[in-house]
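One structure is given below, encoded as structure tokens.
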Amino acid sequence: MSPIRERAAGAKMMRRLLVGMGAAVVTGASVLGAPAAIAHAHKPETVPAASQSAPATATTGKPANAQPSAGLSAAAAAQLAQTMQSAVQSVSPGSQVGIDVTDTTTGATLVGLNTGQQFYTASVVKLLIALDEFNGQGWQPDPEVADQMSQMLSASDDDIADAFWDANGGNDIVTRMADLIGLKNTQPPADPDEWGETLTTPQDVVAIYHYITTVVPQPSRGILMNALGAADQTAADGTDQFFGIPDALTGDTWAIKQGWMTLDSSTTLDTTGLVGTGSGQPLRYAVVILTTQPADTSWTTGGTALTDAVDPLRPVLDPKAS
């Protein structure tokens, strides 16, 4: 585990630069029950109703015998991880990369690289902000809160995140949700005003998706999944957030939370989400890529790096497409 100790200049001002959700990797989660398909971009489908009871604490450990999925040997998986990392570093030299791609139907890791290394969440932490608020309402959010959480996630709205972060205890949100979900290496920001500087790992991000899709009851689960499946191409701050998963896996079904943030010493860009191989297919795969890129990296360059990293996954996720 390699903690990142970078700091932003101007707490509240820098938080306005936070948008989206970090791409975390997919290792260290138990078998993720594949959720019903969420329509690609602007056409979310209603997620089937589930139990209304309050959830128990999720378990995040993968089966001890989890192996790469059939058709991808350990050597091939390691080579693919290096190919994906090289794709990022060829566009954005000097970047640190964490990758985890998991088959949610088996719990098997397809690709893993630096899955336990800490990266800044940027707006990926909005998943925890939403989960904490819904948990506080007994998983029965009132309509106004439901609308606010949907907007915060689909448009990565920082103003809404600011309001709930301040109202619900800031760093306590991260601590509560890490305890509830069982996140091993997720910790609050050193500066409690900077929610984007929360630290997490690819495997912990996968565990968050696991918790949403297998533990969170309705109606909260449906609100979360529909918001992630209807992510706006243009975020609330005007940033194009379709880098990584959406741009590389066009035509597939996905539910995503992106992340981006600029500090004095680094740029954070993350693409994370659940992916189905083709329109309308169940969201079988968890895909998480978290990066720390050089401070002067533009959103366009950094986003292209992530799109290039996701692209080699297509023939692995959907062999029929190769």
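Each value in this text was obtained by applying a stated rule to the coordinates, not by laboratory testing. Here the structure is a predicted model, which is why all the values come from computation and not from measurement. Reconstructed Cβ throughout: ideal geometry from the backbone, glycine too, with neighbour counts over all protein chains shown.
With labels modelled as points extended 7 Å from the Cα through the Cβ direction, what inter-label distance (nm, one decimal) is found for Ala190 paired with Thr83?
With each label point 7 Å from Cα toward Cβ, the separation is 3.8 nm.
Tell me whether region 169-298 comes out rounded, prolate or oblate; compute the Cα gyration tensor, take square roots of the eigenvalues as a ≥ b ≥ c, and use a/c under 1.5 as the rounded threshold.
Oblate, since a/c reaches 1.5 and b/c is not below a/b.
Going by amide H atoms built from the backbone, whose H comes under 5 Å of the H on Ala231, apart from near neighbours?
Under 5 Å from the amide H of Ala231: Ala41, Ile256.
State the extension gain, in nm to one decimal, for the chain segment bounded by Ala163 and Thr105, taking 0.36 nm per residue of separation less the distance between their alpha-carbons.
This chain segment gains 17.2 nm when fully extended.
With the crude spin-label approximation of a point 7 Å out along Cα→Cβ, what separation in nm comes out for Ser279 versus Glu144?
With each label placed 7 Å out from Cα toward Cβ, I get 3.9 nm.
Quick one: what are the phi-derived ³J(HN,Hα) couplings along region 191-206, Karplus 6.51/-1.76/1.60 with θ = phi - 60°, whole Hz, x for glycine and proline?
9, x, 7, 10, 5, x, 8, 4, 9, 8, 10, x, 5, 6, 5, 4
Quick check: residue separation of Asp179 and Gln137 times 0.36 nm, minus the Cα distance between them. What number comes out in nm?
13.3 nm
In Å, what Rg and Dmax follow from the Cα atoms of region 246-311?
Cα-based Rg and Dmax for region 246-311 come out at 12.9, 42 Å.
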